[in-house]
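Reviewing the structure listed below.
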There are 2 protein chains.
Amino acid sequence: MSTTQETLVKSFREYVNKLVTYSQAIAVLSWDLRTKAPRKGTEARSNVIGMLSGEHFKLATSPQMEEYLLALEEPAVFSTLDPILAKTVQECRKEFDRSKKLPADRYQEYVVLTATSGSVWEEARPKNDFAAFRPYLEKIVAFQQEFIGYWGYNGHKYNALLDMYEPGMTVGQLDPMFATLRAKTVDLVAAIAASPNQPDTSFLTKHYEPSEQEKFNRFIVEQIGYDFAAGRLDVSAHPFCTTFAPTDVRITTRFIPNDLRTALFGSIHETGHAIYEQNISMDLFGTPLCDGTSMGIHESQSRYWENMVGRSLPFWNHFYGDLTKQFPTQLEGVNVERFYRAVNQVTPSLIRIEADEVTYNLHIMIRYELEKGLIEGSLAVEDLPHLWNEKMQEYLGVTPDSDANGCMQDVHWSEGLFGYFPTYSLGNVYAAQITNTLKKEISNYDELIASGQFAPIRSWLKEKIHRHGKMKSPNELLQDITGELTNANYLVDYLESKYKTIYQL
Amino acid sequence: MSTTQETLVKSFREYVNKLVTYSQAIAVLSWDLRTKAPRKGTEARSNVIGMLSGEHFKLATSPQMEEYLLALEEPAVFSTLDPILAKTVQECRKEFDRSKKLPADRYQEYVVLTATSGSVWEEARPKNDFAAFRPYLEKIVAFQQEFIGYWGYNGHKYNALLDMYEPGMTVGQLDPMFATLRAKTVDLVAAIAASPNQPDTSFLTKHYEPSEQEKFNRFIVEQIGYDFAAGRLDVSAHPFCTTFAPTDVRITTRFIPNDLRTALFGSIHETGHAIYEQNISMDLFGTPLCDGTSMGIHESQSRYWENMVGRSLPFWNHFYGDLTKQFPTQLEGVNVERFYRAVNQVTPSLIRIEADEVTYNLHIMIRYELEKGLIEGSLAVEDLPHLWNEKMQEYLGVTPDSDANGCMQDVHWSEGLFGYFPTYSLGNVYAAQITNTLKKEISNYDELIASGQFAPIRSWLKEKIHRHGKMKSPNELLQDITGELTNANYLVDYLESKYKTIYQL
């Protein structure tokens, strides 16, 4: 490497490090806002976050950044870069293009629109007033179509949106995936509903003192492998996991006094995200690669720990004694099998965020089909309410009593998050697919779970997934681990096998 | 105002707002580091704080800032500025000059030196190894003298250092102040020590469960007027108060299980700082004026609430019932007078941070005299240990058993904080002086305290002090409120009157 080139690389590294440091600062300020900030402090805080976000945006889209990218992308230069630096250049290019290809004034309009439409949705939803929300949603969809035009796309227009959350994912992969899920899950849900062997869940809604729940949650997430020396568990209205560095990854939960499930499985879920982030290689720190590679892969880690592990019988065979010690009166006379069946109850419901692991993907499928239709122009926003209700009836056998509990239930569309929903189902599909390989490669897998020894599993996940951060795309990861791309059959097999036993089908 | 000038003013406001916003972000990141951050996360956090501090420094000292200042300082322009903007220009000029007058390489060397000497002090103190610390301290003193040369000064060299923490304060004011304190307090301390009527404090060191202490602390600081909707109380190793905005001012404390005093009076002390910050006018938000005007005035507010109010008999006549309800067994058989005498115990001690309100100023005086000598060159660093011990014996009647408990006890000098210590005594002097006027202007003062009604007192303090932020200098404030400058006689009168009663002298 020539001296000029060394200087260039050093200077670019420092520039990117600064860019990433702004993101870290914003993450801390936002975490504090959502967990600790006093009521009156929110306005001032929003200003600080706004200023730093502006600085971040400026650095990511500056002429200086463009100069760096052009110089480093020169084939003679690019070929000499180490893999981390090469991938960093590609990530910066992606972010640069995504922003710079949009006309600044149109983007500004869009930012104002989504801010407004978020408030409109918040007001309209409790009033069940789709008519009030509709014109905003129509504008958002039009903006998405316009932006896709600037960005360009391969194959389906919707691919451009998918790519923001699941790089490289396409309608071509998603259509067959959802077709499999639809064909198999709809029948399974119907069979479960018809089963005379429904679990009793009444004991899950007794009084579980939040401070006692917290003790058990801390115990269980630490057992799973969450490193409290590099993290915290706090309370927030909406549970989340956020990362300042692999050495500081924080999770939150909320405790519902008369429901044991929410915080318990929510904490295990967020711990799955956190274990991912805590195990990204520190070699990637200070670059945009020090992050989960996609929403879907991230979700696969949270769903793995929440469902495949946290809602499994071997897991509770090991930990149920600890749980009954914490809540002896509430769980009196409830054996581990009854508990296991209860926390795996399947009930078609109107609300996605309350859905069990069998029906969950049907909720996502509905949103995926509608989003795709809106973006390609085959559906109009005004048709959403009735199409939504028809699909709910078709897939889940229930019809929403209102748009508030129907097509207006999620915040995503009001914020312009199109292309995001599929990552939830991808998470489930990936999780089952990866677990299938994991079980083959770790021969005593069931014993490990049944004895609460998760270290070998975590090591495997770290080696195969976590440490790579954004160095591998979701498709690359999946291909490298399982030898194939997205395949929903593993999830279907897992669900059928698990739930046929539980519901004695 | 011409259009050009309007544009200039608008642009300068935005620039300053950004500068201040960096400080706010740094404050949040530092608060989190000291209260919530997991052990492993500190290194990454220090990098973030370092980067943002660098950006802040760049903005404060940029050629752009200099251009703004020169344009706005033009008499024809300056005379048209509103008072807040005019004062903002002056503050920015002060910060600009303070940094720009130092040669960049020398300042850089100094930053490295103080970082190193901090670590050296931390290691040397427990080993009682002054010899190891001495060369670092000598270099720091030499840097202070060199910097004063660049900055310039009026009267005494030490004034240049004082001005950083107490703008406008001079040796000319401090010398007579400390002379008064020395003359009167040394005798008082001796008389107290000789008194046969020493309070019994044994019940203060029983077991006070931290969670129970916390409940009472929250109650008492809210009663005093701390606004929890614009603040939080958390735990940290060293108690502090920090401000992100008047709408978000946070205090910390630490709970010692077998000492009721530390957290209780510590929390009241920090609440005094916090009430000041919570009541600064929002008109000043987004400017460098939205802050306490000086360390001394800040300390006057914390010492007022901690000592003049929180350690007064009328206060406990009102709240002692609440305290005994919280700790019925620990305080069994202890009446309010015994409690009052106990929390006002005077004992000459080696350690400043444990000192009572009578001996405290003698500790400060020793440091002031030694600092002044070091800076003017009449004392050498190598003479510190024995001079320290001589003065301790002379003023307090005790001689340190080691330099660790003597001249090496405080962190300040290792960090280059020369000129800071006097603000602690100024806080006490100001507090007594202001209370004297307050009692004259609020006729039912004693009744208000005795009935726990602090709102009228807070309103008075807000009107006279808090709301002004940095719009008035300490001397201006004091002159406006009391009609005179620093006068230690009010503090001496207060101490004599209070402690002659307590110790029946």
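Just one of the listed residues (A:85, A:70, A:52, A:59) is in a helix (DSSP H, G or I), exposed (fewer than 15 other Cβ atoms within 10 Å of the Cβ), modelled with pLDDT of 95 or more and among the aliphatic types (A, V, I, L, M), and it is A:70.
For every residue, the table says whether it meets (1) closer than 30 Å to residue B:149 by Cβ; (2) without any contact (Cβ under 8 Å) to a residue 60 or more places away in the chain; (3) touching a helix residue (DSSP H, G or I) at 6+ places or on another chain (Cβ under 8 Å); (4) open to solvent by less than 30 Å² (accessible area, probe 1.4 Å).
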residue	(1), (2), (3), (4)
B:333	no, yes, no, no
B:341	no, no, yes, no
B:345	no, no, no, no
B:352	no, yes, yes, yes
B:355	no, yes, yes, yes
B:368	yes, no, yes, yes
B:374	yes, no, yes, yes
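Highlighted here are the helices (runs of 4 or more DSSP H) found entirely within region B:384-480 that include at least 2 residues which are under 19 Å from the mean Cα position of the chain (by Cα) and modelled with pLDDT of 95 or more: B:422-441, B:455-464. Within the option set A:81, A:69, being more than 14 Å from every other protein chain (Cβ to nearest Cβ) and touching a Cys at 6+ places or on another chain (Cβ under 7 Å) holds for one residue only, A:69.
Exactly one residue out of A:168, A:172, A:152, A:231 is under 21 Å from residue A:425 (Cα atoms) and free of Cβ contacts under 8 Å to residues at least 60 places away in the same chain, and it is A:172.
Taking residue A:116, is it more than 14 Å from every other protein chain (Cβ to nearest Cβ) and not in a helix (DSSP H, G or I)?
no
What about residue B:211, is it within 14 Å of chain A (Cβ to nearest Cβ), exposed (fewer than 14 other Cβ atoms within 10 Å of the Cβ) and at negative phi?
So residue B:211 fits the description; yes.
With respect to residue A:200, determine if the residue is surrounded by 15 or more Cβ atoms within 10 Å (Cβ to Cβ) and more than 14 Å from chain B (Cβ to nearest Cβ). Here the answer is no, as residue A:200 does not meet what is asked. On inspection, residue A:93 qualifies as more than 14 Å from chain B (Cβ to nearest Cβ), basic (Lys, Arg) and crowded, with 16+ Cβ neighbours inside 10 Å.
For region B:32-60, the tally of residues that are over 26 Å from the mean Cα position of the chain (by Cα), within 7 Å of chain A (Cβ to nearest Cβ) and over 16 Å from residue A:282 (Cβ atoms) stands at 1. Among the residues of region B:192-209, those identified as assigned to a helix (DSSP H, G or I) and out of contact with any strand residue (DSSP E or B) (no Cβ under 8 Å at 6 or more places or on another chain) are B:192, B:193, B:194, B:202, B:203.
All conditions but one from (1) open to solvent by 30 Å² or more (accessible area, probe 1.4 Å); (2) more than 21 Å from the chain's Cα centre (by Cα) apply to residue A:188; the one that does not is (1). Hey, could you check region B:215-247 for residues that are facing chain A (nearest Cβ under 8 Å) and assigned to a helix (DSSP H, G or I) and say which is most open to solvent (accessible area, probe 1.4 Å)? Here the answer is B:228.
Taking residue A:251 as the residue in question, decide whether it is at pLDDT 95 or above, within 12 Å of chain B (Cβ to nearest Cβ) and open to solvent by less than 10 Å² (accessible area, probe 1.4 Å).
Here the answer is yes, as residue A:251 does meet what is asked.
The number of residues in region B:458-470 being hydrophobic (A, V, I, L, M, F, W, C) and buried (at least 21 other Cβ atoms within 10 Å of the Cβ) comes to 2. The residue that is farthest from the other protein chains (Cβ to nearest Cβ), counting only those in region A:2-17 that are at pLDDT 95 or above and open to solvent by 50 Å² or more (accessible area, probe 1.4 Å), is A:7.
When region A:386-408 is filtered for residues that are open to solvent by less than 20 Å² (accessible area, probe 1.4 Å) and in contact with a helix residue (DSSP H, G or I) (Cβ under 6 Å, 6 or more places away or on another chain), the ones remaining, listed by number, are A:395, A:396, A:400, A:404, A:406, A:407, A:408. Report whether or not residue B:411 is under 30 Å from residue B:375 (Cβ atoms), β-branched (Val, Ile, Thr) and open to solvent by 20 Å² or more (accessible area, probe 1.4 Å). Judged against the criteria, residue B:411 is a match. For region B:275-295, filtered to residues that are within 26 Å of residue B:215 (Cβ to Cβ) and touching a Gly at 6+ places or on another chain (Cβ under 6 Å), the residue that is surrounded by the most Cβ atoms within 10 Å (Cβ to Cβ) is B:276.
With respect to residue B:260, is the statement that it is open to solvent by less than 20 Å² (accessible area, probe 1.4 Å), more than 26 Å from residue B:433 (Cα to Cα) and within 14 Å of chain A (Cβ to nearest Cβ) true? It is false that residue B:260 is open to solvent by less than 20 Å² (accessible area, probe 1.4 Å), more than 26 Å from residue B:433 (Cα to Cα) and within 14 Å of chain A (Cβ to nearest Cβ). The selection criterion, being under 29 Å from residue A:282 (Cα atoms), away from every other protein chain (no Cβ under 14 Å) and assigned to a helix (DSSP H, G or I), does not hold for residue B:28. Scanning region B:349-373 for residues that are under 14 Å from residue B:420 (Cα atoms) and aliphatic (A, V, I, L, M) yields B:364, B:365, B:366, B:370.
The number of residues in region B:24-60 that are more than 18 Å from residue B:115 (Cβ to Cβ) and in contact (Cβ under 8 Å) with a residue 40 or more places away in the chain comes to 8.
The values are calculated or read from the model by the stated rules, or taken from the named source; none is laboratory data. Computed from a prediction, not measured in an experiment: that's the story for all the values here. Cβ sites come from the backbone with ideal geometry, for glycine too, and all protein chains shown count toward neighbours. Just so you know, the surface numbers come from the protein's heavy atoms only, side chains and all, with ligands and any DNA or RNA stripped out. Shrake-Rupley method; radii C 1.70, N 1.55, O 1.52, S 1.80 Å.
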